[in-house]
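The values are calculated or read from the model by the stated rules, or taken from the named source; none is laboratory data. Model, not experiment: these values are computed from the prediction. Don't worry about glycine lacking a Cβ; one is built from the backbone with ideal geometry, like all the others, and counts go over all protein chains shown. The protein model used for the area step is the full one, side chains on, heavy atoms only, and it has no ligands, DNA or RNA in it. Shrake-Rupley method; radii C 1.70, N 1.55, O 1.52, S 1.80 Å.
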Amino acid sequence: MQKEIEITIAPEDAGQEEHILKQLSIALKTDQLHIKGYQILKRSIDARSRKVIFRMQVKVFIDEPRVPEVFTLKYQNVSDKKRVIIVGAGPAGLFAALQCIENGMKPIVLERGKDVKQRRRDLALINKEGIVNTESNYCYGEGGAGTYSDGKLYTRSNKRGDINKVLQIFVQHGATDDILVDARPHIGTNKLPHIITAIRETILNAGGEVHFDKKVTDLMIEFDRIKGVVVNNEESLTAEAVILATGHSARDIYTLLNKKGILVEAKPFALGVRIEHPQEIIDAAQYHCAVRSEFLPPAYYSLVEQVGSRGVFSFCMCPGGIIAPCATHENEIVVNGWSPSKRNNPFANSGTVVQVTLEDVPGDDPLRMMDFQHGIEQTAFALGGGNLVAPGQRMVDFVEGRVSVDLPRNSYLPGTRSVMLKETLPDFIASSLKSALPVFGKKIKGYYTNESILVGVESRSSSPVRIPRDRETFQHPQVAGLYPCAEGAGYAGGIVSAAIDGVNCANAVLNFN
């Protein structure tokens with residue numbers, strides 16, 4: 001007999017099988033001898049009361065042996081099958097490639113950036129010298145933005161596709177099976193490159209292709225049907241379908257589509273800053289203690305507040321994390337955050353952003369939101385003074401409208417410069433943040449403090465452009481065989497939802513004639 005039940009357990013006991021068995025026995029009112037095995041289905045931390053506990057959803061095997069569930073995918077050789085070009089080797093592109101192979105099609109993945117190993121050198125130049133390689137950086141390159149910006153796998157996209165399959169594929173390629181049960185699964189930037197490399201090897205071993213330093217510079221279209229792409233302004237590649245999975249920072253693709261008269265649309269996004277606290281402040285507030293227990297991970301938070309008609313919210317929260325310089329062009333500042341797998345850095349950071357609507361940037365130009373975004377990033381660069389030094393301000397100083405005499409120690413490696421952030425943020429963004437931050441301080445004790453720094457600007461929360469597609473076929477309404485995909489097209493937000501959208505696009509291509 002099998003039963004699914006929920007148990008609660010103290011953090012110090014959560015990793016001890018004897019304690020778990022004891023709690024299962026109590027909950028089931030049965031002798032431990034009858035429990036032949038168990039499987040943890042979900043695990044989360046409940047810190048709502050003074051006593052922090054783990055909640056576990058567990059499948060229990062009573063008087064019958066546990067038979068482990070085995071997930072396997074065997075990929076056929078597709079070297080001589082129908083060709084599908086996939087533009088971008090982020091999570092959407094890689095999972096689209098795997099699904100193409102599963103469906104008996106040959107993926108040809110074209111990535112403008114470098115492989116994960118070569119990307120490290122360019123990231124080192126960004127962090128140490130403030131030099132941006134416009135084709136290889138935190139956003140461009142194998143694995144996409146997520147590879148070197150954390151690897152969070154939490155998603156609310158339950159209705160879009162098979163989340164468990166995506167997680168299982170990550171495990172199959174080297175991730176720990178903790179991601180299958182944790183409420184907020186996380187791989188870590190230090191581990192993701194090896195996993196991405198293993199996925200690439202799976203694609204190659206099945207007869208697929210993965211090419212680096214291959215920037216798509218044109219689309220070949222005949223009679224409103226895609227025929228292939230032009231790479232690096234010189235090489236033509238043909239295929240029966242093209243999945244466009246470029247990520248949300250490929251401004252040249254949006255410009256190309258618009259120039260060719262292929263429909264793109266302005267899209268709302270969110271803009272703000274990255275806020276960093278000493279991790280101990282967040283731990284103390286969330287876990288109701290002076291010092292975090294060694295059995296608890298660094299604490300997480302999620303905040304949202306309505307200020308007038310605008311939402312102000314935190315996202316991409318990185319416990320024990322680092323603020324990273326994520327510019328993709330010269331003379332711009334873009335910040336993001338990431339955490340290593342152990343989340344053992346002394347700071348906690350989170351994007352804290354405000355909704356930007358189409359009405360905030362009036363006009364008919366479908367690229368106006370993108371241009372608005374870029375302009376703010378350039379202003380931030382100028383205020384920082386160059387070399388990717390970012391404008392910063394202490395939290396209370398920002399709200400009360402004074403320049404910070406100095407800035408707290410922080411994790412942003414290129415350095416920060418004390419400025420009035422209102423000089424780079426639009427008035428409606430700055431005023432919304434000023435209203436929300438003291439309110440956040442009432443929700444999390446110690447949050448509203450001058451020990452915290454605001455670093456500008458967090459501007460790539462999502463794409464400012466949508467590439468439209470048919471809801472049923474996933475194809476662009478004007479170009480048969482062209483499949484706008486994931487974050488870059490405005491249909492996903494994060495690694496898992498992007499991967500799912502890549503799978504969905506690959507499945508849609510299977511039905512394309």
Fill in the blank from the handout: Subtracting the Cα-Cα distance of CYS289 and VAL67 from 0.36 nm times their residue separation yields 75.8 nm
Problem - SER44 versus ASP178: modelled label distance in nm, points set 7 Å from Cα along the beta carbon direction - result: 1.9 nm
Fill in the blank from the handout: If each K or R counts +1 and each D or E counts -1, the residues other than GLY272 whose Cβ falls under 14 Å of its Cβ total -1
Practice task
Identify the residues of region 324-339 with backbone N under 11 Å of a label point that sits 7 angstrom from the Cα of THR134 along the Cα-to-Cβ direction, or state none.
Solution key: 328-331
Exercise for the section: Could you work out how far apart the two model spin labels at ASP31 and LYS422 are, taking each label as a point 7 Å from the Cα in the direction of the beta carbon, and quote it in nm? Expected result: 7.4 nm
Exercise for the section: Only residues of region 244-274 count here: report those whose backbone N is under 14 Å from the spot 7 Å along Cα→Cβ of LEU358, or say none. Expected result: 264-269
Problem - Stretchable slack from GLU201 to VAL439, in nm (0.36 nm times residue separation minus alpha-carbon distance) - result: 80.8 nm
Exercise for the section: Could you let me know the centre-to-centre spacing of region 450-513 and region 262-336, using Cα atoms, in angstrom? Expected result: 22 Å
Problem - Distance violations [Cα-Cα > 20 Å] among LYS82/LYS165; LYS82/LYS227; LYS152/LYS214 - result: LYS82/LYS165; LYS152/LYS214
Handout entry: Taking region 368-453 and dividing mean pair separation by its residue count, relative contact order in percent (alpha carbons under 8 Å, at least six apart)
Key = 32 percent
Problem - Under the Karplus curve 6.51 cos²θ - 1.76 cosθ + 1.60, θ = phi - 60°, whole-Hz ³J(HN,Hα) for region 312-327, x wherever Gly or Pro sits - result: 10, 8, 8, 7, 6, 6, 10, x, x, x, 9, 8, 10, x, 10, 5
Exercise for the section: Can you spot the aspartates and glutamates whose alpha carbon is less than 13 Å from LYS117's alpha carbon? Ignore those fewer than 8 places along the same chain. Expected result: GLU142
Practice task
Please list, in chain and number order, the residues 5+ apart from ASP182 or on another chain whose amide H is under 5 Å from its amide H, with Hs placed from the backbone.
Solution key: ARG43
Handout entry: Inter-centroid distance (Cα atoms) of region 80-139 relative to region 205-260, Å
Key = 13 Å
Completion exercise
Largest-first ranking of ASP162, ASP13, ASP365 by accessible area, probe 1.4 Å, whole protein assembly kept, is ASP162, ASP365, ASP13
